[in-house]
Amino acid sequence: MENNNAYVEAQMLIRKPAARVFEAFIDPAVTCHFWFTKSSGKLEAGKTVTWEWEMYNVSTKVVVKEIIPDVKIAINWSDPVTAVDFNFQSLQDGSTYVVIREYDFKQTGDELLGIIRDSTGGFTTVLDGLKAYLEHGIDLNLIADKFPKAVAQHGK
């Protein structure tokens, strides 16, 4: 049973032009500075790529559903599959407002609440890392530091 009313949303102002912010999500050579550690390729409409977080020994298949240059990236990912939209709004001052929205969850109840909590925190961390990297050239290692090996495993 799908829960069509549930969604995750995270947003952030990035003080860079939409083309640069958009490219940061398309090109894994850039994305690996603030999100995953490895990708099987660039995002292209109709293409399936694999994203890896090597420090956690985790990977996911990403199916690219739609790309509107500098405006939107729509993907399906995870297991069970959910939809994620990355929207890029160009602002007059040359900055970009990014909104990430994940939806089409299959889970319900406490399981759904846990997924929403984890995804909200995850996408917020991604946007924070993106901002630091694009605006200041700083690779904060936020994803790697979110669940360090020296700390009890996530979810326990």
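Points worth noting:
- Complete set of residues in segment 25-66 that are under 20 Å from ASP79 (Cα atoms) and among the polar types (S, T, N, Q): THR37, SER39, SER40, THR48, THR50, ASN57, SER59, THR60
- Per-region count, segment 4-27, residues more than 20 Å from THR125 (Cβ to Cβ), in contact with a Ser or Thr (Cβ under 9 Å, 6 or more places away or on another chain) and either surrounded by 20 or more Cβ atoms within 10 Å (Cβ to Cβ) or without any contact (Cβ under 8 Å) to a residue 12 or more places away in the chain (or both): 1
- Just so you know, in segment 135-146 the residues that are touching a residue at least 60 places away in the same chain (Cβ under 8 Å) and closer than 16 Å to PHE36 by Cα include one that is surrounded by the fewest Cβ atoms within 10 Å (Cβ to Cβ), and it is ASP139.
- Among (1) surrounded by 15 or more Cβ atoms within 10 Å (Cβ to Cβ); (2) assigned to a helix (DSSP H, G or I) - the single one VAL98 does not satisfy: (2)
- Taken over segment 33-77, the residue count meeting the criterion of being in a strand (DSSP E or B) and not polar (S, T, N, Q) is 19.
Every number here is computed from the coordinates shown, using simple stated rules; none is lab data. Keep in mind the model is a prediction, meaning the values are calculated, not measured. Every residue, glycine as well, gets a Cβ built from its backbone with ideal geometry; the counts of neighbours run over all protein chains shown.
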